[in-house]
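Enquirer: One structure, pasted below without further comment.
The values are calculated or read from the model by the stated rules, or taken from the named source; none is laboratory data. The structure displayed is predicted, hence computed values, not measured ones. Virtual Cβ from ideal backbone geometry, glycine too; neighbours counted across all protein chains shown.
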Amino acid sequence: MWHNKDMPNQNESQLLHRACNGDRDAVAALYRAHVQAIYRYINYRVPDSTLADDLTAEVFLRMVEGLPHYRMNGVPFEAWLYRIAAARVADYYRRRSRRPQEALTDQEPDRGESPEGKIQYAEEKDELRAALRNLTADQQDVLLLRFVERKSHAEVAAIMEKSISAVKSTQHRALTRLAELMGIENKGRHYLRGDNA
């Protein structure tokens with residue numbers, strides 16, 4: 001995953017400039033740098049990994065189509081990609097009219113766990129994904145960017161075009177609601193009070 005700490009902004013700017021001018025190697029480098037993070041973001045928002053693959057492909061198709069018109073204006077490039085991803089997820093749910101429950105068939109990598117451990121992990125992830133779908137889109141975005149993608153409040157604020165205080169407030173409300181939905185209200189509230197990082 002591309003992250004400002006991993007690559008200086010000057011290199012990012014140069015790569016984007018080349019990609020916007022049709023350099024296929026630069027486009028491929030952008031894809032490689034961001035594809036895993038965008039896939040993870042989408043995979044938590046949709047029912048199965050096959051659909052996440054399809055929507056991720058759509059995001060990068062839109063990226064390629066949009067690069068000739070992309071302008072660097074101080075907002076991180078990855079913020080643009082996350083916005084495209086959020087729009088693709090929203091389109092998917094609009095098209096399917098939000099049927100609430102369906103089977104989740106996530107394919108996880110082999111972690112070398114026992115069969116019982118894998119089943120428990122899958123059940124917990126399914127429960128989390130079902131609960132996430134009951135949050136607002138902003139709440140889902142904040143939680144996924146903060147705790148799956150491990151982004152700081154400042155990075156999330158830049159991606160979502162919100163203030164840091166708004167991100168923190170949304171995060172607190174989302175975690176509180178998530179704890180209620182997952183039946184861990186009392187224990188959850190105890191831990192959430194200290195989450196201001």
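Enquirer: Considering each of Tyr121, Tyr93 in turn, give the residue that is among the aromatic types (Phe, Trp, Tyr) and at pLDDT below 75. Quick ask: steps written out before the conclusion?
Expert: On the way: Tyr93 fails: at pLDDT below 75.
Result: Tyr121 is the single residue among Tyr121, Tyr93 that is among the aromatic types (Phe, Trp, Tyr) and at pLDDT below 75.
Enquirer: Can you tell me which residues in the stretch 25-54 are in contact with a Phe, Trp or Tyr (Cβ under 8 Å, 6 or more places away or on another chain), farther than 19 Å from Ile159 by Cα and assigned to a helix (DSSP H, G or I)?
Expert: Correct list: Leu51, Ala52, Asp53.
Enquirer: Could we say that Ala26 is aliphatic (A, V, I, L, M), touching a Lys or Arg at 6+ places or on another chain (Cβ under 7 Å) and at pLDDT 90 or above here?
Expert: Working: aliphatic (A, V, I, L, M): yes; touching a Lys or Arg at 6+ places or on another chain (Cβ under 7 Å): yes; at pLDDT 90 or above: yes.
The answer is yes for Ala26.
Enquirer: Okay, moving on. If you go through the stretch 39-80 one residue at a time, how many are crowded, with 19+ Cβ neighbours inside 10 Å, under 16 Å from Ala137 (Cα atoms) and hydrophobic (A, V, I, L, M, F, W, C)?
Expert: 2
Enquirer: Quickly run through the stretch 148-184 and pick out the residues that are small (Gly, Ala, Ser) and free of Cβ contacts under 8 Å to residues at least 60 places away in the same chain.
Expert: If we filter the stretch 148-184 for residues that are small (Gly, Ala, Ser), which is where we start, we get 152, 154, 157-158, 163, 165-166, 169, 174, 179, 183.
Passing the criteria: Ser152, Ala154, Ala157, Ser163, Ser165, Ala166, Ser169, Ala174, Ala179, Gly183.
Enquirer: Another one. Determine which single condition Phe147 fails, assuming it passes every other condition in (1) over 20 Å from Ala87 (Cβ atoms); (2) within 16 Å of the chain's Cα centre (by Cα); (3) crowded, with 18+ Cβ neighbours inside 10 Å.
Expert: Just one mismatch for Phe147, condition (3).
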